[in-house]
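Here the structure is laid out as structure tokens; the discussion comes afterwards.
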């Protein structure tokens with residue numbers, strides 16, 4: 001079979017503990033725990049969309065680009081069908097939420113050929129960040145059209161680039177936000193950011209989670225930040241940012257409050273809670 005360069009999951013065996021938390025997030029069956037480690041059993045089954053990445057509490061999973069066998073939706077469906085209706089639905093939802101219309105079409109064709117009747121609404125709203133443009137334009141609330149002032153007061157803001165010892169962080173309440181949140185939530189600056197220093201990151205696409213965890217620890221122990229507000233989207237992959245922050249705080253000598261704010265894919269403020 002011809003190999004192609006494409007996005008695919010990579011597992012760091014040194015970080016992997018074999019806990020298996022990634023397996024339920026991969027209905028395609030690409031991951032199994034073998035000899036105490038999570039492993040990709042076949043490139044054919046991994047679609048490279050990264051649904052499993054945010055599920056790993058140890059940062060052992062990341063998306064990389066390399067030569068591999070092309071993803072084969074029909075082979076995946078043959079594997080999934082044997083696992084029952086709930087797994088089939090989870091897979092169809094996974095494809096739908098990531099906007100993979102062609103793969104979804106192939107999956108439904110296989111079910112039709114096998115005379116397997118699974119109800120799935122192809123026209124329901126997608127949960128994929130890449131597919132929310134129409135939703136954001138359909139129902140803009142008043143708060144998304146107000147407050148044009150930017151409250152950003154420091155640079156850089158990307159977690160990989162920030163210096164934890166910068167004066168702006170010292171003894172401050174800080175915001176660590178998933179990249180998409182600032183675009184999705186119209187009142188991000190006025191309601192969430194305010195005068196706080198801002199750091200952004202993407203738990204799904206950014207690499208080297210251990211470096212991120214260490215920067216969080218330095219922010220707590222050396223910059224002595226007072227509180228951290230973590231802002232994420234409601235999509236599953238975003239939860240990885242909470243884990244990164246919690247691990248950084250747990251590895252620090254100081255213990256500080258961590259709040260979680262969740263933004264909906266249609267740009268609404270969903271909830272806020274203390275998580276640490």
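The values are calculated or read from the model by the stated rules, or taken from the named source; none is laboratory data. Quantities reported herein were computed from a predicted structural model and do not represent experimental measurements. Please note: Cβ atoms are built from the backbone with ideal geometry, for glycine as well, and neighbour counts cover all protein chains shown.
Looking at the stretch 252-266, can you tell me whether even one residue there is at pLDDT below 90 and either in a helix (DSSP H, G or I) or not assigned by TED's automatic domain parsing to the domain that holds residue 178 (or both)? For the stretch 252-266, residues at pLDDT below 90 and either in a helix (DSSP H, G or I) or not assigned by TED's automatic domain parsing to the domain that holds residue 178 (or both): absent.
Does residue 30 satisfy being under 24 Å from residue 251 (Cβ atoms) and either modelled with pLDDT of 85 or more or loosely packed, with under 14 Cβ neighbours inside 10 Å (or both)? Steps first, answer last, please.
Numbers: under 24 Å from residue 251 (Cβ atoms): no; either modelled with pLDDT of 85 or more or loosely packed, with under 14 Cβ neighbours inside 10 Å (or both): yes.
Spelling it out, it is not the case that residue 30 is under 24 Å from residue 251 (Cβ atoms) and either modelled with pLDDT of 85 or more or loosely packed, with under 14 Cβ neighbours inside 10 Å (or both).
The set of residues in the stretch 216-229 that are surrounded by 21 or more Cβ atoms within 10 Å (Cβ to Cβ) and in a helix (DSSP H, G or I) comprises 216, 219, 220. Looking at the stretch 99-213, the helices (runs of 4 or more DSSP H) lying wholly inside it that each contain 3 or more residues that are assigned by TED's automatic domain parsing to the domain that holds residue 87 and at pLDDT 85 or above sit at 101-113.
Going through the stretch 230-251 one residue at a time, which ones are crowded, with 16+ Cβ neighbours inside 10 Å and free of Cβ contacts under 8 Å to residues at least 60 places away in the same chain?
If we filter the stretch 230-251 for residues that are crowded, with 16+ Cβ neighbours inside 10 Å, which is where we start, we get 230-249.
The answer is 230, 231, 232, 242, 246, 248, 249.
Residue pairs whose Cβ atoms lie under 9 Å apart, separated by 6 or more positions or on different chains, with the first residue in the stretch 103-115 and in contact (Cβ under 8 Å) with a residue 40 or more places away in the chain and the second assigned to a helix (DSSP H, G or I) and surrounded by 11 or more Cβ atoms within 10 Å (Cβ to Cβ), are 103/73; 103/76; 103/95. Condition check for residue 64 on (1) crowded, with 16+ Cβ neighbours inside 10 Å; (2) in contact (Cβ under 8 Å) with a residue 40 or more places away in the chain; (3) touching a strand residue (DSSP E or B) at 6+ places or on another chain (Cβ under 6 Å); (4) over 13 Å from residue 94 (Cβ atoms): one failure, at (1). Would you confirm, using the coordinates I've provided, whether residue 275 is touching a residue at least 12 places away in the same chain (Cβ under 8 Å), under 24 Å from residue 191 (Cα atoms) and over 19 Å from the mean Cα position of the chain (by Cα)? Against the criterion (touching a residue at least 12 places away in the same chain (Cβ under 8 Å), under 24 Å from residue 191 (Cα atoms) and over 19 Å from the mean Cα position of the chain (by Cα)), residue 275 does not qualify. Picking from residues in the stretch 191-203 that are buried (at least 23 other Cβ atoms within 10 Å of the Cβ) and under 19 Å from residue 52 (Cβ atoms), the one that is nearest to the chain's Cα centre (by Cα) is 203.
For the stretch 67-91, filtered to residues that are in contact (Cβ under 8 Å) with a residue 60 or more places away in the chain and either in contact with a strand residue (DSSP E or B) (Cβ under 9 Å, 6 or more places away or on another chain) or surrounded by fewer than 16 Cβ atoms within 10 Å (Cβ to Cβ) (or both), the residue that is farthest from residue 103 (Cα to Cα) is 67.
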